[in-house]
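Below is one structure, written out as structure tokens; comments come after it.
The values are calculated or read from the model by the stated rules, or taken from the named source; none is laboratory data. Quantities reported herein were computed from a predicted structural model and do not represent experimental measurements. Reconstructed Cβ throughout: ideal geometry from the backbone, glycine too, with neighbour counts over all protein chains shown.
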Amino acid sequence: MPIKKDESRPVIRYLVAGSLTRSIIVTATGNILIDQPGGGALYAACGIGLWDENIGILGRVNSEFPQEWLDQATRRGFDVHGINSSLEKYDQRFFAAYDPAGVFDRSAPVSVFSKLNEPLPRILLGFTQPEVTIDSRNRPGWITLRPNDIPTEYIDATAAHLCPIDFLTHSLLPSVLRQGEIKIITIDPSPGYMNKVFWDDIPQVVAGITAFLPSEEDVYALFEGRTRDLRVIAETLAGYGCEYIVIKRGANGILLYEQVSHSFWEIPAYPVQIVDPTGAGDAFCGGFLAGLRLKYDPFEAALYGSVSASFKIQGSGPYFTMDALPELVTARLDILREKSTKL
């Protein structure tokens, strides 16, 4: 059941829902990071945290998730009352390795560490990269977030972002969130339903939300056999009843479409040395949400998101984004604004 309101806590402005993980990462610079906090919810929250505060995190962890990491998030200013601990046994490990160019290495962990002449960390024993599976339309999984998972205080937020979770969460939660004060709802879809077999179900997710923020790979999978024209894709998705479509294109930047004005913008990726791309897309989504809430302008929001992502790529761990110097943040914002193009 939702927790009772605690008047002593700050009012939550932002709600971020998504995964939390125990991450093992081999960075593009060759550093090996073993067992550190991660997950889309945390990366997105830090993407917001670069610009604003009073952020509540909604997610689920198993009994092995370190309490110290939740305490660390609290010290960083996040409200973690929406993170529920479950006795259910599920694997929260996440493993990523990158080559010097920042390209994701899809090899098995054993092969990666063998190439590095390093022993396999104990935490990765028995680990295999999870394959993308098709989401269920009606059966909740362990990652599915339910209305009762949402603390009462979080409904007082005015902006919410749903990280990649599953079809059920993304199709059901927005209507619950709208019952409170939340006016801005953005969704980063899950590969589990960005598939052509879900073609007829996508309007159920997109209708009525503020912004839909898929990756280029996501939309190509959904529109397989139909089109690869990103402008046509954006217009089609917006036609389901969404104000803004933002297609994340990695090193190629962002394509933004505004439904009301039928305007397209191209925002380049800010050039940085790639250290660890993990969570960059989530950090972008967090920055985008902060920009929408603070500026009420989708173009400015896309700039905010791009700046958040640029700092995330430069360092490891979710909190690296929040530690950026204000002068650098402003400079990157100005440079990206100058280099962006209205199509």
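Here are a few things to note about the model shown:
- Subset tally (residues that are of a type in the set (A, V, I, L, M, F, W, C), part of a helix (DSSP H, G or I) and surrounded by fewer than 18 Cβ atoms within 10 Å (Cβ to Cβ)) for region 314-328: 1
- Flag for residue 219 being crowded, with 18+ Cβ neighbours inside 10 Å and either in contact (Cβ under 8 Å) with a residue 12 or more places away in the chain or of a type outside the set (A, V, I, L, M, F, W, C) (or both): yes
- Whichever residue in region 59-71 is crowded, with 16+ Cβ neighbours inside 10 Å and either in a strand (DSSP E or B) or not aromatic (Phe, Trp, Tyr) (or both) and, among such residues, is nearest to the chain's Cα centre (by Cα): 59
Listed here are the residues, each with its yes/no results for (1) small (Gly, Ala, Ser); (2) in a helix (DSSP H, G or I); (3) touching a helix residue (DSSP H, G or I) at 6+ places or on another chain (Cβ under 7 Å).
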| position | (1), (2), (3) |
| --- | --- |
| 128 | no, no, no |
| 132 | no, no, no |
| 135 | no, no, yes |
| 140 | no, no, yes |
| 174 | no, yes, no |
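- Scan region 222-260 for residues that are part of a loop (DSSP other than H, G, I, E, B) and more than 23 Å from residue 204 (Cα to Cα) and the total you get is 2.
- Of the residues 284, 311, 299, 288, the single one that is crowded, with 19+ Cβ neighbours inside 10 Å, among the aromatic types (Phe, Trp, Tyr) and over 24 Å from residue 31 (Cβ atoms) is 288.
- Just one of the listed residues (150, 134) is out of contact with any Pro (no Cβ under 7 Å at 6 or more places or on another chain) and either surrounded by 14 or more Cβ atoms within 10 Å (Cβ to Cβ) or of a type in the set (A, V, I, L, M) (or both), and it is 134.
- Matching option when the condition is under 23 Å from residue 318 (Cα atoms), within 19 Å of the chain's Cα centre (by Cα), surrounded by 15 or more Cβ atoms within 10 Å (Cβ to Cβ) and among the aromatic types (Phe, Trp, Tyr), among 127, 95: 95
- When 102, 82 are checked against the criterion of being in a loop (DSSP other than H, G, I, E, B) and within 21 Å of the chain's Cα centre (by Cα), 102 stands alone in meeting it.
- Taken over region 168-184, residues that are surrounded by fewer than 24 Cβ atoms within 10 Å (Cβ to Cβ) and free of Cβ contacts under 8 Å to residues at least 40 places away in the same chain amount to 11.
- Residue selected from region 185-208 under the condition of a type in the set (Gly, Ala, Ser) and without any contact (Cβ under 8 Å) to a residue 60 or more places away in the chain, by the criterion farthest from residue 130 (Cα to Cα): 208
- When region 147-156 is filtered for residues that are in a loop (DSSP other than H, G, I, E, B) and either free of Cβ contacts under 8 Å to residues at least 12 places away in the same chain or touching a helix residue (DSSP H, G or I) at 6+ places or on another chain (Cβ under 6 Å) (or both), nothing remains.
- The sole residue among 185, 233 that is at pLDDT 95 or above, of a type in the set (A, V, I, L, M, F, W, C) and in contact with a Pro (Cβ under 6 Å, 6 or more places away or on another chain) is 185.
- Look at (1) at pLDDT 95 or above; (2) within 29 Å of residue 38 (Cβ to Cβ); (3) among the polar types (S, T, N, Q) and you find that residue 263 fails only one, number (2).
- Residue 82 being among the small types (Gly, Ala, Ser), within 21 Å of residue 162 (Cβ to Cβ) and in contact (Cβ under 8 Å) with a residue 12 or more places away in the chain: yes
- Single residue of region 153-167 satisfying the filter (of a type in the set (D, E, K, R) and surrounded by 17 or more Cβ atoms within 10 Å (Cβ to Cβ)) that is farthest from residue 86 (Cα to Cα): 153
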